[in-house]
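The values are calculated or read from the model by the stated rules, or taken from the named source; none is laboratory data. From a predicted model like this one, the values you see are computed outputs, not experimental measurements. A quick note on method: Cβ atoms are made from the backbone with ideal geometry, for glycine too, and the neighbour counts reach across all protein chains shown. Remember, those area values only see protein heavy atoms, side chains included, never the ligands or the DNA or RNA. Shrake-Rupley method; radii C 1.70, N 1.55, O 1.52, S 1.80 Å.
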Amino acid sequence: MALRLEEVVIDCKDAQTLGRWWADALGWEIVDEEEGIEIRNPEGGPTLAFWNTPDEKVVKNRLHLDFVPDDQDAEVARLEGLGARRVDIGQVDVPWVVMADPEGNEFCVLSARE
């Protein structure tokens, strides 16, 4: 038996707005807007799908996305300019920056890799 990761689904209050925000933040393309919104990296890999839910986000995410930039400081500043914000989830002295998208979903911007 083999499994392949197809997509990561993110529940949110406004799928269209949040999906477009992530497409802009990542430079990905929108591939479906029928029920929610689905975005894909033009280079391939799993998609991100955003679905409307009436539930409010009330606690830290149990699953989050990590991203590796070329320049961490520049990328954090760019994401803040798009509406992301830095968040404190209890991290102390770590080499990554924990951020939240406009609906409060946490993600990390790691340090650059060789």
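Failed condition for Ile37, given (1) more than 13 Å from the chain's Cα centre (by Cα); (2) open to solvent by 50 Å² or more (accessible area, probe 1.4 Å); (3) of a type in the set (A, V, I, L, M), with all others met?
(2)
Does Ala74 fit the bill of being closer than 15 Å to Asp101 by Cβ and not in a loop (DSSP other than H, G, I, E, B)?
no
Quick one: is Ala23 open to solvent by less than 50 Å² (accessible area, probe 1.4 Å), assigned to a helix (DSSP H, G or I), out of contact with any helix residue (DSSP H, G or I) (no Cβ under 7 Å at 6 or more places or on another chain) and over 14 Å from Met99 (Cβ atoms)?
Considered against the rule, which asks whether it is open to solvent by less than 50 Å² (accessible area, probe 1.4 Å), assigned to a helix (DSSP H, G or I), out of contact with any helix residue (DSSP H, G or I) (no Cβ under 7 Å at 6 or more places or on another chain) and over 14 Å from Met99 (Cβ atoms), Ala23 comes out as yes.
Spot the failing condition for Glu80; the list is (1) open to solvent by 40 Å² or more (accessible area, probe 1.4 Å); (2) touching a Lys or Arg at 6+ places or on another chain (Cβ under 9 Å); (3) part of a loop (DSSP other than H, G, I, E, B), and only one is missed.
The number of the failed condition is (3).
May I ask you to list pairs of residues, at least six apart or on different chains, whose Cβ atoms are under 6 Å apart, with the first in the stretch 44-70 being farther than 14 Å from Phe107 by Cα and the second being of a type in the set (A, V, I, L, M) and loosely packed, with under 10 Cβ neighbours inside 10 Å?
Here the result reads Pro46/Leu5, each pair linking the stretch 44-70 to a residue that is of a type in the set (A, V, I, L, M) and loosely packed, with under 10 Cβ neighbours inside 10 Å.
Starting from the stretch 87-114, keep only residues that are basic (Lys, Arg), then list their pairs with residues that are part of a loop (DSSP other than H, G, I, E, B) and open to solvent by 30 Å² or more (accessible area, probe 1.4 Å) whose Cβ atoms are within a distance under 8 Å, requiring at least 6 positions of separation or different chains.
Close Cβ pairs satisfying both conditions: Arg113/Val68.
Go over the candidates Arg4, Arg86 one by one and state the one that is farther than 14 Å from Phe107 by Cβ and open to solvent by 80 Å² or more (accessible area, probe 1.4 Å).
Checking each option against the conditions leaves just Arg4.
Of all residues in the stretch 40-77, which are touching a Phe, Trp or Tyr at 6+ places or on another chain (Cβ under 9 Å) and open to solvent by 90 Å² or more (accessible area, probe 1.4 Å)?
Result: Arg40, single match.
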